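Single-structure report; data block below.
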Amino acid sequence: MLANRVVHAFTASCFQLARSMTLSARSTVQKGSRLVDHWERPIVEDIFRHAMKKQTGVQLKYMLDFGANPFERQLILSAQFLHKELPVRFAHRVAELENLPYGLSAKSNILKVRDWYVESFKDLRNFPAIKDASDELKFTEVLRGIYRRHANVVPLMAKGISELRRELTEHALLTEMPEIHQFLDGFYLSRIGIRILIGQHIALHEPPKSNHIGLICTKCSPVQVAQDSINDARSICMREYGSSPEVTIYGDPKFTFPYVPSHLHHMVFELVKNSLRAVQDRFDDDMDDEPPPIRVVVAEGGEDVTIKVSDEGGGIPRSGMPKIWTYLYSTAKAPVEMDTVDVTEGGPVVLAGYGYGLPLSRLFSRYFGGDLQIISMEGYGTDAYLHLNRLGNSQEPLP
């Protein structure tokens, strides 16, 4: 009897909390753009029930051990975990998107992203319990659809934030709104985690690749990945400027460790791209001398693999250092206006100007227990230190 009373009281308190969250959201969302205005009430209530549940983090090492032998039983267990975990993560993001300050929740692009998350939540909740291999295969197809649906989340969010920034007065700069940046950090970190979990499960169904367990390369060479990133960044620099500074890389090409090569490529590419742009802009008018080379050093430590990218591009003023981690801040001479970006085409490939490169790269590094640090000397250049956790035992950071 007492147990029934406790359950009843807990259920009542949960619904009260869900109602208060919804009412709080309404205070910052314009009428007509609220979640309840576009979706059935049972779906909205289910979302907020899941938003109160705790998310479950995973480790890189767990992904390696679990996916090493992707037998039928292992794939079913993976699908069952995702079937239970992903609705919780999607619900957390929907609740946040519904209750953003400064009217951001009512922006059309933000609403589109929110509705994508609701649709994915619905797809997962409508899928029946996974009991056998046939169910698992059907569920994997659902995951493929979700993965494709969310492909353009980052540029759409950027367009919404850009619209907000234009509306702000010059006395209320975006850097003075830490809640926006805190939300974006958590939102994008969660997105990285969701895409890793879904991508890893899908990849286990693909034809096996040498030295790969799903998305994770068990023998990832940071020197080789860095060299590929350098080649790609220099190619874009050549396209933008007609020339490119040299980039020298130091490190043991035979050293390998388990990591996600696509993540590493993204981070090193962003750092080298920034250095190329800084050096090219600084020495563009000096036709007599060659610009100084950019140096990339890969160091193998017992705990971390560290990649240092050093340039002589003139550095960043000390007053500007906090801004480099804020979204939509760029030191490029002609920052890209997000209104000109066609997200259906993926946007133009330019050398700099979006203002998302550094903050997103830091989130990629932190997802698996690493970090990104920038040290700059105004009048000389900048050193970027990318730390990668080589042990794989850090817990997935969850917002």
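The values are calculated or read from the model by the stated rules, or taken from the named source; none is laboratory data. What you are looking at is a predicted structure, and each value in this text was computed from that prediction instead of being measured. Quick reminder, even Gly has a Cβ in these numbers, built from the backbone with ideal geometry, and neighbours come from all protein chains shown. Only protein heavy atoms, including side chains, enter the accessible area calculation; ligands, DNA and RNA are left aside. Shrake-Rupley method; radii C 1.70, N 1.55, O 1.52, S 1.80 Å.
When each of the peptides 221-229, 190-198 is scored by the mean number of other C-beta atoms lying within 10 Å of its residues, the order from highest to lowest reads 221-229, 190-198.
If you plug the beta carbon distance of Asp284 and Asp252 into 1/(1 + (r/R0)^6) with R0 = 30 Å, you get a FRET efficiency near 0.30.
Measuring only protein heavy atoms, the 1.4 Å probe finds His263 accessible over about 20 Å². Between Gln182 and Gln55, the contour length at 0.36 nm per residue exceeds the Cα-Cα span by 43.9 nm. Under 14 Å from a label point set 7 Å out along the Cα-to-Cβ vector of Val297, the amide N atoms of region 228-261 belong to 248-252. Gain on full extension, evaluated as 0.36 nm per residue between Asp115 and Asn69 minus their Cα-Cα distance, stands at 12.9 nm. Rolling a 1.4 Å probe over the protein heavy atoms leaves Glu240 with an accessible area of roughly 90 Å². Using a probe radius of 1.4 angstrom, the carbon and sulfur fraction of the accessible surface of region 117-262 is 51%.
Restricting region 65-117 to chymotrypsin sites (Phe, Trp or Tyr not before Pro) that sit in a DSSP loop and have at most 11 other Cβ atoms within 10 Å of their own Cβ leaves Phe71. Taking square-rooted eigenvalues a ≥ b ≥ c of the alpha carbon gyration tensor, is region 44-199 rounded, prolate or oblate, where a/c under 1.5 means rounded and, failing that, a/b exceeding b/c means prolate? Taking the square roots of the gyration eigenvalues as a ≥ b ≥ c, region 44-199 is prolate.
What is the projected area of the convex hull of the Cα atoms of region 108-201, averaged over all directions, in nm²?
6.8
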